[in-house]
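Throughout, read-outs are computed from the coordinates displayed, never taken from laboratory work. As the structure is a computational prediction, the values presented were derived from the model and not from experiment. Cβ placement follows ideal geometry from the backbone for every residue including glycine, while neighbour counts extend to all protein chains displayed.
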Protein chains: 4
Amino acid sequence: MSNSFGTLFRVSTFGESHGRGVGAIVDGCPAGIDLKEEDIQKQLDRRRPGQSDLTTPRDEADLVTILSGVESGKTLGTPIGLLVNNKDQRPGDYGEMSQIPRPSHADFTYQVKYGVRARSGGGRSSARETIGRVAAGAIAEKILRDRWGVEIVAWVSSVGSEEANSIDAGQLMRNHVDGNLVRCPDPDSAERMMRLIREVRDAKDSIGGVVSCVCRGLPPGWGEPVFDKLEAILAHAMLSLPATKGFEIGSGFAGTHMRGSQHNDPFIQKGDHLGTVTNRSGGVLGGISNGEPVYFRVAFKPVATIGQDQQTADFRGKSVTLAATGRHDPCVVPRAVPIVETMSALVLLDLALRQERY
Amino acid sequence: MSNSFGTLFRVSTFGESHGRGVGAIVDGCPAGIDLKEEDIQKQLDRRRPGQSDLTTPRDEADLVTILSGVESGKTLGTPIGLLVNNKDQRPGDYGEMSQIPRPSHADFTYQVKYGVRARSGGGRSSARETIGRVAAGAIAEKILRDRWGVEIVAWVSSVGSEEANSIDAGQLMRNHVDGNLVRCPDPDSAERMMRLIREVRDAKDSIGGVVSCVCRGLPPGWGEPVFDKLEAILAHAMLSLPATKGFEIGSGFAGTHMRGSQHNDPFIQKGDHLGTVTNRSGGVLGGISNGEPVYFRVAFKPVATIGQDQQTADFRGKSVTLAATGRHDPCVVPRAVPIVETMSALVLLDLALRQERY
Amino acid sequence: MSNSFGTLFRVSTFGESHGRGVGAIVDGCPAGIDLKEEDIQKQLDRRRPGQSDLTTPRDEADLVTILSGVESGKTLGTPIGLLVNNKDQRPGDYGEMSQIPRPSHADFTYQVKYGVRARSGGGRSSARETIGRVAAGAIAEKILRDRWGVEIVAWVSSVGSEEANSIDAGQLMRNHVDGNLVRCPDPDSAERMMRLIREVRDAKDSIGGVVSCVCRGLPPGWGEPVFDKLEAILAHAMLSLPATKGFEIGSGFAGTHMRGSQHNDPFIQKGDHLGTVTNRSGGVLGGISNGEPVYFRVAFKPVATIGQDQQTADFRGKSVTLAATGRHDPCVVPRAVPIVETMSALVLLDLALRQERY
Amino acid sequence: MSNSFGTLFRVSTFGESHGRGVGAIVDGCPAGIDLKEEDIQKQLDRRRPGQSDLTTPRDEADLVTILSGVESGKTLGTPIGLLVNNKDQRPGDYGEMSQIPRPSHADFTYQVKYGVRARSGGGRSSARETIGRVAAGAIAEKILRDRWGVEIVAWVSSVGSEEANSIDAGQLMRNHVDGNLVRCPDPDSAERMMRLIREVRDAKDSIGGVVSCVCRGLPPGWGEPVFDKLEAILAHAMLSLPATKGFEIGSGFAGTHMRGSQHNDPFIQKGDHLGTVTNRSGGVLGGISNGEPVYFRVAFKPVATIGQDQQTADFRGKSVTLAATGRHDPCVVPRAVPIVETMSALVLLDLALRQERY
């Protein structure tokens, strides 16, 4: 239970990794919005596996169908049903794992929690689960852009210890990010990252990384004190993504080293409104957007499924060697970029609708 | 809106910093539990201001009254009303600020969002808002301890750049933490931290820090995929606390540097159950507790209210110098320790009740 | 669990019949609204016991205190804490009942559900629980009236078999309703009803009745298909009141006898908008208000607590005679009038805020 | 917004009357339950149009597909996606109505609320919307039956003024109900009802009716005071069904005529537990099941869409004659029987899971 997210713009997702299909219902989408399947497909294409040699070879077209809620290219205000069929099902890949829980994977906890597991692995813990979110979030993005001019751009800021050189988030666009396979807008950094991913892939290993994200154009006033602060819901959203281990907004952990006199963002008149000189707050004050860009970073661990042999124990506690054979990404962060963006859009649109009329 | 937290064990809080009182309603508390006001008072005492020269001089006894839901020392299963009266109200302190939004404080965003503000500052953005959470969380803690043996211990692991020497979280108890004013269980580290806080205080400045927390004794199975993963709800809870900027669980951001083959936690038989050799996962797999300790870290920025003059702008955009006169903590992390603990308890008990019968 | 009601205007209530106090937190109240304790007190006074010889002699002033959320007579947008102290506590009255569950009362089910009960009877099943609702609903009423001109008027339309003569709901005002003790706006009918109540009271018995309610001035568009239809939420609200057994809107059960050609409400231009010639729909079409008055009726059973001896069984199943001695109303409908009104206001304001900006 | 229902067993539905398909996601279904598409299909077959000459001639097989959440015939604990394709789409039928809102239909209110409407009528106000509920509720029924032995049986107790002769709800089974086309278990009454429906149908008119329902086998303890009383949630559920105008539980409106001394249900030992001699309460005390059968009645108005000419106004207020040509049922109650049953199951299972472990 808890396959729904959002208060006024609410997405409910369904679908196992190797079942008939995955999808979502989007409830609370305003009526009268122009919406076509292509609007959604774009982000699904950026998320889908098999895009390059950096990602899992599992090949899925991931074509979305709108089942309801849209007529003649306009939303009706009724729930939008979204379906993506699964094509490339290979349950055979996962045979051995029925007895051996993969280390750092959800096989063990699903078995304990439910007393039963999808044959083919972690079921809903699969990265494939994110398709429903991306499809729904692509709708949210469109609304945020069309109605408020909000732009959300994520990028890979590190792979392992390879950190991106300084990026100017103020002007960054998605086409910059998509200029290379690893989705790091600095070409030199991207080169280093891709080299590392290929090395890791060839070693049948995996590697972690960090996705950064900026959301520009929010008006002040979005976010609900006390428990639904903008950063709290963002953190919730990001830590609900598979393989995430950390979230920081604005100055983040580095900001704990600073003094208040250095860290505070002084106010200043900017054109017709009050802005801040610096933005260590990351666009939020007291949980409410202040009109400056919201920026944050998300830590992704190295994928648990690896091609190397692993010493571990089976479900009965017997020591065994596990040789994983399922297909996997050596590094998830390039494909995580559209997931972080669309998930952010779900957060922001929901808070927008709680504050403003569409 | 959003002054409630939790699904089955649900707390709703109320109260401004300088109004008549603050408090909470706890809905969903199981019936038949032994509960006295002292059970709650203990954590309120650890949270209250005026404890030492390291904290704000505002003096509040913060005595809690149980208004309902308990009879003859037993919970009835009905909502528990909790009230703490405000005593030391000095609205006069905040006069100048009605025209000047404090930098990095919620004055500005509350004004924009609501078109009106509590005279005396940020209203619900005050640290005083956390009293309702702590009172409710103290009840949750007691239930977790009595029913499942869950122990939650938080401590200060850094103040500014003063990092604590290595702490063994496996055995750490609250009396170790409370052995010094800064609530760092390593005495040498504590000494360094306290020196820094006093230096900052004397400079009329503030400083950030990190609170670490371990939750021991959870059975496997707590946490709800997809959107209500244990770490997602924890992140939500922590980023909803005033002044927080980051959250990481298990290996966190450092884990992004590792390879899967190093990062994975192999399984091993531990007595009568399956455990893991290492715990880089921080006690969660796929959003569900795996039986290992849950540990995480929370970043607190330096308090925005400082005693130094600050160059900033007033609400009309005019450049001004603000000399803050309100009382404040030079560093919030010592008092944040019981807040992090009780907030964790709210998260864990809610997930426990979603998985298990009381 | 479930002591909260509403999505965007949300009330959470607490308090046992004979504990320290009862009250509520109202979350989601718009900021900047003029609000004084008197605004709330008016409906509490109409609800309070001891108003006349028709009601329970339990005497409670039921004075409300606003604990938070209001400053200088304006709402802050933060939660409004509301407290009413219990004064006239007589737990002694209920001694015998600890062994004998009162017939048709909640003593039995609370004991089974919670394994424990408030000494003094049904705890939250007491009519006293409705104080929190009335206080919160009085705020909702004020907002509906000030912002949209919505008027809500309830009245007693039957007591036992004494039915009120025809009432013109189109112009009915609260002062008409309060023109007599039984709150039936037709004086002759009121006379018959009061005679019956006094007869029943003298026989140490109780009697049921029906409260009718009209809500005028709603714009079209309030109510959310599919599950949160206006009539569905109203029915939920009304059946959550103590002692209610039925709800009907518009033509109700009588409408089932009609043919579509008779029952349908034809459209007609009314001034600048489309209205209907008749209003058998009771102001809703497809769960959404259509701009015509919303009217509905609520059935209240005879109060379970009576002064006569009753043959029943104790908790162990032994046949016993129960002579109830607690104070009670011979007929709840006169005091139910403000409860139905304020509960309707909670429903309508919540749906209003889901549809419109305040 | 509000296409979801339930707290722990939660159904979210989607789908317009004439779009690609309708369906639901069921979240919170316990794991390890035997479930096949046939288990669901049975109730869909009882609900589907075109069953006899008493129902709409629209012909839909309404075959359900399980998209996710079930593997090898067992539920996984993950969301169950359910899809029913629409086959018999005839948007052409509804041409005239784009300018003329059908009297007592949702055309008008959808247009006002959303500013746009499904071409083909009321969209989500269509009876076709109930397919998702029935499919989800059929799962809930199975769990209630297998786990707790709960039996839910609804039947037609009146059509227009044709009331059923006395029915013994204590032993009533679905095969008795399905013994005739009108689903009234008393053959003589059924005969009278069917005669009336055919007469109404031939007159191109429609007629209302009442569905009664009994739920047997609930243990005491289900239902949550204060706002989520069993009867409150049932009333909510029933009034959320299309065309419903009233709900009563136990003695209902008739009970308002009684005195407490007549109405109260005395307790009595029944085998190993405490029961009641009579059951005017309808199985609930203080909102909590008391172990006696829950019984209630639901009023359905005559269907708004009729084949006769109607004098009304178009959207611009111009007086017009509307000759409806869409297919419709002359009386909805026979097909409403499985809808009332499955909707009851959604209510009961949700309350069961809030009280008990599966």
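Annotations
- Given 13 as the ceiling on other Cβ atoms within 10 Å, longest exposed-site-free region of chain C for trypsin sites (Lys or Arg not before Pro) in DSSP loops: C:88-315
- Backbone HN-Hα couplings from phi across segment B:285-293 [Karplus 6.51/-1.76/1.60, Hz, Gly and Pro as x]: 10, x, x, 10, 4, 10, x, 7, x
- Chain A residue nearest the rotation axis toward D, with distance: A:12, 2 (Cβ to axis, whole Å).
- GNM remark for chain C: springs join alpha carbons under 10 Å apart, and the peak mean-square fluctuation among C:282, C:15, C:252 falls on C:252.
- Once the Cβ-Cβ distance of residue D:166 and residue C:166 is raised to the sixth power relative to R0 = 35 Å, the FRET efficiency obtained is 0.60.
- Between copies, the label points at residue B:171 (set 7 angstrom from Cα along Cα-to-Cβ) are spaced 5.9, 7.2, 8.6 nm, reported in nanometres from shortest to longest.
- The value of relative contact order for segment C:232-358, using C-alpha pairs under 8 Å at least six residues apart, is 23 percent.
- Converting the Cα gyration tensor eigenvalues of the protein assembly as shown into ellipsoid dimensions via √(5λ) gives semi-axes, longest first, of 50, 38, 31 Å.
- Residue D:268-residue D:198 FRET efficiency (beta carbon distance; Förster radius 56 Å; 0.05 resolution): 0.75
- Relative contact order, whole percent, for segment C:262-304 stands at 26, derived from Cα pairs under 8 Å and 6 or more residues apart.
- Between copies, the label points of residue D:273, set 7 Å from Cα on the Cα→Cβ line, lie 3.3, 5.1, 6.0 nm apart, reported in increasing order to one decimal in nanometres.
- Segment C:1-74 and segment D:198-271: distance between their alpha carbon centers, rounded to Å: 30
- Relative contact order (%) - criterion: Cα under 8 Å, at least six apart; region: segment D:4-355: 22
- Amide H contacts of residue C:178: none lie under 5 Å away among residues 5 or more positions distant or on a separate chain (H built 1.01 Å from N in the peptide plane; Pro and chain starts excluded).
- For the protein assembly as shown, calculated [θ]222 nm from helices alone, where every DSSP H run of n ≥ 4 adds -39500 (n - 2.57): -8000 deg cm²/dmol
- In sequence order, calculated HN-Hα J values of segment B:267-280 (Karplus, 6.51, -1.76, 1.60; Hz; x Gly/Pro): 7, 7, 6, 10, x, 9, 9, 8, x, 10, 5, 10, 9, 5
- For residue D:217, the distances from its label point to the matching points in the remaining copies are 4.0, 5.1, 5.7 nm, ordered from shortest, with each point set 7 Å beyond Cα toward Cβ.
- Taking amide hydrogens as placed 1.01 Å from N in the peptide plane, the amide H of residue C:68 sits under 5 Å from those of C:81, each at least 5 positions away in sequence or on another chain.
- Cross-link partners for residue D:74 among the lysines, with Cα-Cα distance under 25 Å and sequence neighbours closer than 8 places in the same chain left out: A:87, A:113, B:229, D:36, D:42, D:142.
- Of the residues B:175, B:86, B:279, the one that moves most in a GNM of chain B with alpha-carbon contacts below 10 Å is B:175.
- For residue D:224, the amide hydrogen comes within under 5 Å of the amide hydrogens of D:229, D:230, counting only partners 5 or more places away or on other chains and with H modelled in the peptide plane.
- Under the simplified labelling scheme, the residue D:37-residue A:37 pair shows an inter-label distance of 2.1 nm, with each label point 7 Å from Cα along Cα→Cβ.
- Tail fraction, Cα-Cα pairs, segment D:4-355, threshold 38 Å, whole percent: 18
- Cα-based radius of gyration of segment C:284-330 once divided by 2.2 N^0.38 Å, which approximates compact folds: 2.15
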